[in-house]
Amino acid sequence: MTATSSSTTTFIYKSELLGILPLPKSRGGPDVNPVGLGRRSRQMFDEVWRKFSGLGQISRTTRTDDEEALDLLGLREGGPMCEFAIPGAQNTTVLVVGATSRIGRIVVRKLMLRGYTVKALVRKVDSQVVDMLPRSVKIVTGDVGDPFTLKAAVEGCNKVIYCATARSPITADLYRVDHRGVYNLSKALQDYNNKLAQLRAGKSSKSKLQIAKFKSPDSLNGWEVRQGTYFQDAVAAKYDAGMDGKFEFTETGEAVFSGYVFTRGGYVELSKKLSLPIDRTLDRYEGLVLSVGGNGRSYVLILEAGPSADTTQSKLYFARISTKIGFCRVRVPFSSFRPVMPDDPPLDPFLVHTLTIRFEPRRQRPIEGAQGSKQQDLRSFKFILEFIKALPAGQETDFVLVSCTGLGIEPSRREQVLKAKRAGEDSLRRSGLGYTIIRPGPLKEEPGGQRALIFDQGNRISQGISCADVADICVKALHDSTARNKSFDVCHEYVSEQGRELYELVAHLPDKANNYLTPALSVLEKNT
């Protein structure tokens, strides 16, 4: 996302619409440097917030210190939160994982000052941990590597901020905390949301819509296996080496779509006309989630949309999905579907009436087998279906994950750390929760709110960022709709190389509500 002078003007125009700063009168006018504007805007922050923005940076805060700090602010536990309060915060419980980390300690205090109920997940409770956390924080013990200990932790929680990271470079620790830990906690929160939805008879905003559940031979009724080729001439016949597909319910209780395609340009697909409840239409949902297993092939999901009374007017939309060896969940937002015919309008989920899963040998890539050997036969497939559900649409983030860009990590362990971090990010995207993934530059122990921030995607940032600023982004992302289902890098401002300016991504041009995420993240893509 390389910026140009026109993109800079575009961002300033968007900012002007948000009431952030005046729009330049013309291209021929004086040059406007949004970096400078971002810096000056941060200097205009409320003086009270300036003095106490570093409150959470105190590494060890005793009970007396907590009380004195709150007295200075005119706040005591249970009292009004003044200008720090956020509407609805008193009805929101946030679980902070890694609450004693450099960022986590600040996150906890920022949440408290805004009126949230805060729970802190720690591996063990000792005097040092107790001294680090304010009195009103509810401490729960658990291990992110042990899913059985997380059920109590997510009980009563609405949102999660995950600041934990492995403290050692050992691969097992990286896997347990940065990869499996994110998976376990996101699944625990999703299971808790599903439990609430069942208690509310499916009327909860967190309820998924079940499209198909494969638990018996009868659940395969209505699914049709078809074959075809992309070529309509003699070329296909010349290379017709055969293809086959079947969909069956095995003795082990699995619904398996399997087969092979040796024909050039051929494909095998599984299709069904959807039958949804009268009061449920897919426009109320944001995407699909599939629980699948198999041999790690990639597939094409095809949605057919149009008037149900006249299918000749239907349009086709596709999205490619990748699976892993074994079971996994695949999340496919409706926004990722593209029309087969470029001139067709964007997908309208309300009109979807048919779902198709297609396998084609092209675009298949060898993947690592069980013993590390790469599988070479890419023309056969095995696709185990457990369920297909529609994800409820949401406006806010459920799970904030603090990851990293890789800067500042020792070269000898950078690859291992990033591999675990990216695997954790991927598991969160597949979870079905609304997520925000923050990848800060190298962390600095300095006050927040002093320098403008740059938000970017594509591993191009080059500077560090204060822990307090990262904590501020975590808290603001909880209720900012533009942060939902986005991943981004962030660092302090810097002067970029000529021709590669990122000025339009300088974020701290706050509106009247001190909102800097909306103008910054509105230019970034989702699901990256």
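The values are calculated or read from the model by the stated rules, or taken from the named source; none is laboratory data. Keep in mind it's a predicted model, so treat the numbers as computed, not measured. Glycine gets a Cβ as well: all are built from the backbone with ideal geometry, and neighbour counts include every protein chain shown. Protein only, heavy atoms only, side chains kept; ligands, DNA and RNA dropped before computing areas. Shrake-Rupley method; radii C 1.70, N 1.55, O 1.52, S 1.80 Å.
See the values below:
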read-out	value
q = 0.29 Å⁻¹, region 438-500: log10 I(q)/I(0) [Debye, one scatterer per Cα]	-1.32
Percent accessible area from carbon and sulfur atoms, region 142-183, protein chains only, probe 1.4 Å	60 percent
Which listed pairs, of 151/315; 213/476; 138/444, have C-alpha distances above 32 Å, in listed order	151/315; 213/476
Loop trypsin sites (Lys or Arg not before Pro), region 419-475, which have at most 10 other Cβ atoms in a 10 Å radius of their Cβ (DSSP)	none
Fraction of accessible area attributable to carbon and sulfur, region 307-359 (%, probe 1.4 Å)	58 percent
Mean Cβ neighbour count within 10 Å, used as a protection proxy, ranking 218-231, 466-479 highest first	466-479, 218-231
Test item: Cα-centred dipole of region 89-218, Lys/Arg +1 and Asp/Glu -1 on Cβ, debye	440 debye
Spin-label proximity, residue 481 to region 315-346 - amide N less than 14 Å from point 7 Å beyond Cα toward beta carbon	none
When each of 119/324; 208/421; 273/421 is checked by Cα-Cα distance, pairs over 30 Å	119/324; 273/421
Positive-pole candidate from 294, 266, 305, dipole of region 254-306, charges at beta carbon	266
Protein-only accessible surface order, largest first, of 484, 135 at 1.4 Å	135, 484
Phi to ³J(HN,Hα) by Karplus 6.51 cos²θ - 1.76 cosθ + 1.60 over region 101-111, Hz, x for Gly, Pro	6, 4, 7, x, 4, 6, 4, 4, 6, 5, 5
Pair residue 226, residue 138: separation of 7 Å Cα→Cβ label points (nm)	5.2 nm
